[in-house]
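Undergrad: The structure is given below, and queries will be raised subsequently.
Every number here is computed from the coordinates shown, using simple stated rules; none is lab data. Note that the coordinates shown come from a computational prediction; the quantities given were computed from them, not determined experimentally. Cβ coordinates were reconstructed from backbone atoms using ideal geometry, including for glycine residues, and neighbour counts include every protein chain displayed.
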Amino acid sequence: MFHKRVLVTGAGGFIGHHLTSYLVDKGCWVRGVDQKRPEYSGTDAHEFFVMDLRDPTNCIAATEGVDEIYHLAADMGGIGFISSQHATIARNNTLLNIGMLEAARAVGAKRFLYSSSACVYPHHLQTSPDVVPLREEDAWPAQPEEGYGLEKLFAEKLCEYYMEDFGIPVRVVRFHNVYGPLGTYDGGREKAPAAISRKIAMIDDGDEIEIWGDGEQTRSFMYVDDCIEGIYRIMGSDDNKPFNLGTDQLVTINELVDAIAAIAGKRVIKRHNLSQPQGVRGRNSDNNRLRNVLGWEPETSLRQGLSSTYLWIEQQVKAKVPVIEPALAK
Ligand SMILES: NC(=O)c1ccc[n+]([C@@H]2O[C@H](COP(=O)([O-])OP(=O)(O)OC[C@H]3O[C@@H](n4cnc5c(N)ncnc54)[C@H](O)[C@@H]3O)[C@@H](O)[C@H]2O)c1
């Protein structure tokens, strides 16, 4: 009945949750694993284990009986979180990556996909807002983001070593800023599109919001549906070298704010806070490898993707604000 049995780690998180639904739709039997269940909706997984994958025995239990592993679990967040938690992030992710690769070896997994990040790229190539798009081979010689980026780069190498020494077929995907509905939008781990959407959803027309940095730092942003489609295509491809997965449409954070404000139909005053972290000055994805190997690349426009993201976050924000009845408000 099912053509494949797959494991999605991080299935309680943003991308893993969407990926689970996509794989179920594709006719796979899916086991989701995470230390928490999805926050904003139920899971479509056929089986869901709540467990801590830093424990190697849990990694073995999670991988038993599956053909393919999509390994997305990671301790991660936006720039505020990853620049203040180097030790915790590096420790937690190193433990769960080693545990998952060892488990993949123990059960003889037919394929293992590792979710890496654009944070592996060297700082010195990202010092200007009009950055040259980053090619996959630019990751070495290395000078990655402290903590999170370094740990991702190490895990990429570990995947390569496991493939060379133990024959585990691996796929490595470097995501560039994924956004969309059902992603974390508050609490300190949210990323720029979600944080800005939340701030705009909470203000009245003409009010101000805080922007980290001068807002002239640049990034490219990929809608989650494209991310899922790309993951699936990369898993199915014959190419085992790392892939960028992102758009190559560069925007400044100020432009991102303007785009979301237009969707919200609000005038927004930007108050720039230069003492908050802004990450690298500019980062963009070179999609040549994606185009050449897959004949495909992300296609959702920023406007389209931000509209559904903003509307979902606005709904969440409104649902959280207690409505005070006029009679009780005195
Ligand atoms: N969202 C992005 O823009 C982006 C960019 C680059 C890379 N990535 C990578 O993509 C993957 C998925 O990211 P996401 O945006 O869905 O993040 P997310 O935080 O929503 O999901 C990660 C999930 O991993 C789980 N997890 C963490 N530690 C665990 C542990 N010890 N045991 C079990 N589960 C654990 C978390 O509970 C969470 O649900 C991660 O590996 C992340 O590093 C994401």
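Undergrad: Only Lys, Arg, Asp and Glu count, each charged at its Cβ (+1, +1, -1, -1), so figure out the dipole size of the stretch 209-276 about its Cα centre, rounded to 20 debye. Mind dumping the intermediate values first?
TA: Working: 7 positive and 11 negative charges, 72 e Å.
Here the size comes out at about 340 debye.
Undergrad: Now a separate question. Dimensions of the stretch 53-120 along principal axes (Cα, Å, largest first)?
TA: Between the extreme Cα coordinates on each principal axis of the stretch 53-120 lie 38, 23, 13 Å.
Undergrad: Order by neighbour count: 197, 21, 237, fewest other Cβ atoms within 10 Å first, most last. Intermediate values should be presented prior to the final figure.
TA: Working: 197 28, 21 18, 237 12.
Ordered from fewest to most neighbouring Cβ atoms within 10 Å, 197, 21, 237 come out as 237, 21, 197.
Undergrad: Could you tell me which residue out of 211, 127, 48 lies farthest along the dipole of the chain toward its positive end? Charges go on the beta carbon: Lys and Arg +1, Asp and Glu -1, centred on the Cα centre.
TA: Positive-end residue among those listed: 48.
Undergrad: Using unit Cβ charges (K, R positive; D, E negative) and no other charged atoms, how large, in debye to the nearest 20, is the dipole of the stretch 42-200 about its Cα centre? Could you put the intermediate results ahead of the total?
TA: On the way: 14 positive and 22 negative charges, 71 e Å.
Dipole size: approximately 340 debye.
Undergrad: Shape of the stretch 1-118 from its Cα gyration tensor (a ≥ b ≥ c, root eigenvalues): rounded if a/c is under 1.5, otherwise prolate when a/b > b/c, or oblate? Could the numbers behind the result be given before it?
TA: Working: a/c = 1.97, a/b = 1.34, b/c = 1.47.
Oblate, because a/c is 1.5 or more while a/b does not exceed b/c.
Undergrad: Taking 7 Å along the Cα-to-C-beta vector as the label spot, tell me the residue 315-residue 239 distance in nanometres, rounded to one decimal.
TA: 3.6 nm
Undergrad: Compute the distance from the alpha-carbon center of the stretch 112-170 to that of the stretch 47-64, in whole Å.
TA: Going from one Cα centre to the other spans 25 Å.
Undergrad: For the stretch 116-256, what ratio Rg/Rh do Cα atoms give with a Kirkwood hydrodynamic radius?
TA: On the way: Rg = 17.0 Å, Rh = 16.8 Å.
That ratio equals 1.01.
Undergrad: Also, I was wondering about something else. What is the distance in Å between the Cα centres of the stretch 301-320 and the stretch 241-297?
TA: For the stretch 301-320 versus the stretch 241-297, the Cα centre distance is 17 Å.
Undergrad: Also, I was wondering about something else. Using a Förster radius of 56 Å, what is the FRET efficiency between residue 1 and residue 267 based on their Cβ-Cβ separation? Nearest 0.05, please. Can you show the working numbers first?
TA: Values: r = 54 Å, r/R0 = 0.97.
FRET efficiency, residue 1 to residue 267: 0.55.
Undergrad: While we're on this one: Positive end of the dipole of the stretch 190-237, charges at C-beta (+1 Lys, Arg; -1 Asp, Glu), about the Cα centre: which of 223, 236, 193 has its Cα farthest in that direction?
TA: 236
Undergrad: Compute for the stretch 197-291: radius of gyration divided by Kirkwood radius, i.e. Rg/Rh, restricted to C-alpha atoms, rounded to two decimals. Working shown, then result.
TA: Numbers: Rg = 16.6 Å, Rh = 15.3 Å.
My calculation puts Rg/Rh at 1.08.
Undergrad: Ok, one more. Suppose each label sits 7 Å from its Cα in the direction of the beta carbon; what would the residue 293-residue 160 distance come out to in nanometres?
TA: 1.3 nm
Undergrad: Contour minus end-to-end for residue 110 and residue 204, with contour as 0.36 nm per residue of separation and end-to-end as the Cα-Cα distance?
TA: On the way: separation 94, 0.36 × 94 = 33.84 nm, distance 5.27 nm.
Length difference between fully extended and current span is 28.6 nm.
Undergrad: Working out 0.36 nm times the residue gap between residue 86 and residue 130, then minus their Cα-Cα distance, what length gain in nm do you get to one decimal?
TA: Length gained, residue 86 through residue 130: 13.1 nm.
Undergrad: Further question on the same structure: Give me the Kirkwood hydrodynamic radius of the stretch 76-188 in Å, from all C-alpha pairs, to one decimal place? Write out the running numbers ahead of the final one.
TA: Numbers: mean 1/r = 0.0653 Å⁻¹.
Kirkwood hydrodynamic radius for the stretch 76-188: 15.3 Å.
Undergrad: Let's test the formula: R0 of 30 Å, r as the Cβ-Cβ distance of residue 102 and residue 26. What FRET efficiency results, to the nearest 0.05?
TA: Numbers: r = 28 Å, r/R0 = 0.92.
The pair residue 102/residue 26 has a calculated efficiency of 0.60.
Undergrad: Which aspartates and glutamates have a Cα lying under 12 Å from the Cα of residue 199, excluding residues fewer than 8 positions away in the same chain?
TA: Cross-link targets: 186, 190, 207, 208, 210, 314.
Undergrad: Give or take rounding to whole Å, what are the principal axis extents of the alpha carbon atoms in the chain, in descending order?
TA: Sorted largest first, the three principal extents are 65, 50, 39 Å.
Undergrad: To the nearest 20 Debye, how big is the dipole of the chain about its Cα centre, given +1 on the beta carbon of each Lys and Arg and -1 on that of each Asp and Glu?
TA: Details: 35 positive and 45 negative charges, 74 e Å.
Value, rounded to 20: 360 debye.
Undergrad: 5 Å is the cut-off here: which amide hydrogens, built 1.01 Å from N in the peptide plane, fall below it relative to residue 49, excluding neighbours closer than 5 in sequence?
TA: The answer is 32, 33, 34.
Undergrad: Which entries in the list 191/318; 26/110; 36/157 go over 26 Å, if you measure between the two C-alpha atoms of each? Write out the running numbers ahead of the final one.
TA: Values: 191/318 20 Å; 26/110 18 Å; 36/157 28 Å.
Table pairs above 26 Å Cα-Cα are 36/157.
Undergrad: So, one more: Residue by residue through the stretch 187-200, which ³J(HN,Hα) values in whole Hz follow from phi under the Karplus form 6.51 cos²θ - 1.76 cosθ + 1.60 (θ = phi - 60°), with glycine and proline marked x?
TA: x, x, 9, 5, 9, 3, x, 6, 5, 5, 4, 4, 4, 6
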